[in-house]
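Everything below concerns the one structure shown next.
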Amino acid sequence: MEPQQEQIFAEVEDGVATVVISNPAKRNAMTAGMWAELPGLLERLAGDRGVRALVLTGAGDTFCAGADISSLREGDAPQGLAVRAEDALAAFPKPTLAAVRGYCVGGGSQLAAACDLRFAEEGASFGVTPAKLGIVYPASSTRRLVALVGPSAAKYLLFSGELVGAERALRTGLVDEVLPRGELAKRVAEFTRVLVSRSQLTQAAAKEFADGRVDRDAHWAGQARGSGDTAEGVAAFLERRAPDFTYEV
């Protein structure tokens, strides 16, 4: 993919949408325009039945160095845009994975935390840095961070604004896998192939339940009865073949 200036763009291949943060002059920092563009892009991808999983990454050798600091002069608008973008990513109905190289800081960490999973390359750095700027971190973003890493680790990140490496991020739960340099793209491609082969019915229900929506058991039970995925999964297991799941989110 060719880096583009101050853009969020997506490519879809083999059921996987890859969304790229691109602002190479500023280590892929998010401008106000980029924050504003992301929810609409995610909505379009969510409506594409050919998309079964989404990968969020940065152009080149870094993920995202946060919000473009110059945009903070515009007042509260950039933070509101960031929260809306983060919430849209968290609400994406299919599995999402952040593929992180280099810096994942500030707003970049917000976006990574809003994904379902995070894979990082060795040498990646993570930081939640509002304390360096006197900014109040949004309540929804704070709760999401606490849910990932626990109160103590979240306070460490928020109080200090210090960067932590990929191995520490792995120990705290901020990252799910750490890959050797040069292996991240291969592992992400391998894992997303697994995701697109699995039942969207199972994934969608599990995502809701894991994210705290526990009031739709009856809905998902009805979906399971009518989908045919359960019968297909059992038949495929007994026949020792790959299942052909048909339920679409």
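Kindly work out what percent of the DSSP beta bridges joining two residues of the chain are antiparallel, to the nearest 5.
Working: 9 of 31 bridges.
If I count the DSSP bridges inside the chain, around 30 percent turn out antiparallel.
For region 144-249, run through the chymotrypsin sites (Phe, Trp or Tyr not before Pro) and keep only the ones in DSSP coil with at most 10 other Cβ atoms within 10 Å of their Cβ. The partial results should precede the final answer.
Values: sites: 156, 159, 191, 209, 220, 237, 245, 247; in loops: 245, 247.
Of the chymotrypsin sites (Phe, Trp or Tyr not before Pro), not one in the loops of region 144-249 has a Cβ with at most 10 other Cβ atoms within 10 Å.
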Revision key, fill the gap. For region 75-203 the mean separation of alpha carbon contacts under 8 Å (6+ apart) over residue count, i.e. relative contact order in percent, is 27 percent
Point to revise | FRET E, pair residue 143, residue 223, Förster distance 45 Å, beta-carbon r, rounded to 0.05 | key: 0.95
Practice item. Quick one: compute the contact order of the chain, relative version, from alpha carbon pairs under 8 angstrom and 6+ residues apart, as a percent. Key: 15 percent
Practice item. Choose one answer from 79, 110, 223: the residue with the largest mean-square fluctuation in a GNM of the chain with alpha-carbon springs under 10 Å. Key: 223
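Listed highest first by mean packing, meaning other Cβ atoms within 10 Å per residue, what order do 93-100, 50-57 come in?
Working: 93-100: 24.8, 50-57: 23.0.
Result, highest mean first: 93-100, 50-57.
Number of Lys-Lys pairs in the chain under 24 Å by Cα, sequence gap 8 or more or different chains? Before the final figure, lay out the partial values.
Values: 26/132; 94/186; 94/207; 132/155.
For the chain, qualifying lysine pairs total 4.
No value in this document is a laboratory result; all are computed from the given coordinates. From a predicted model like this one, the values you see are computed outputs, not experimental measurements. Using ideal geometry, Cβ is built from the backbone for each residue, glycine included, and neighbour counts are taken over all protein chains shown.
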